1. Taking the mean number of other Cβ atoms within 10 Å as a proxy for protection, how do you rank 46-53, 22-29, 60-67 from highest to lowest?
2. So how far apart, in nm, are the two label points at N70 and R39 if each is 7 Å from Cα heading toward Cβ?
3. Skipping prolines and chain starts, which residues have an amide H placed within reach, meaning under 5 Å, of the one on S55, given they are 5 or more residues away or on another chain?
Amino acid sequence: MKDETHVEVDEIWHKRRFVYFAIGRKINNFKLSHDRDYRDVIKFLQGIPMEIRYSDRITFVSDAYVNYLNLLPDYVENCVIVNKKELKKRKNKELRKGLGEVNRIERFFA
C-alpha cells in the first residue's frame, strides 16, 4: 500500500441499490446498500483497511455529499471535498485545503 496516494470515494444508484466505491491504485473497495444514509457510509468507510484510512500519505477525495462531509474527516486521516461552497460551510472540520478530483471514479461509473 506504500504506492497509494489518492483514493476516490463516491456512490452510484444501480438496480434499486446504492453501491459505494473507494477506488485507488492499490484499493478497490465497495459496499451494497438499500439506503443512502450515514450508517451505510460508516459501514463502508470501516470496510476500508485501517492502514489506508489512517495513513498520512493517502488523501481521500470525494464530492460534497452531506454524509461524506460529516463522516470522512472522522474516519480517515486526510480528505478533500470537491465542492468549494460546502468546504467553506464545514470550517469547523479540519479538511485539507484545495480541491481534489473524482475524475477516475466518475469515469468508472460512466
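1. On the way: 46-53: 14.2, 22-29: 16.1, 60-67: 19.9.
Taking the mean over residues of other Cβ atoms within 10 Å, the ranking is 60-67, 22-29, 46-53.
2. 1.3
3. Those qualifying (amide H under 5 Å, at least 5 residues apart or on another chain) are E77.
None of the figures in this text is laboratory data; all of them are computed from the coordinates on show. Since the structure is predicted, the reported quantities are computational estimates derived from the model, not experimental observations. Note that we place each Cβ from the backbone using ideal geometry, even for glycine, and neighbour counts take in every protein chain shown.
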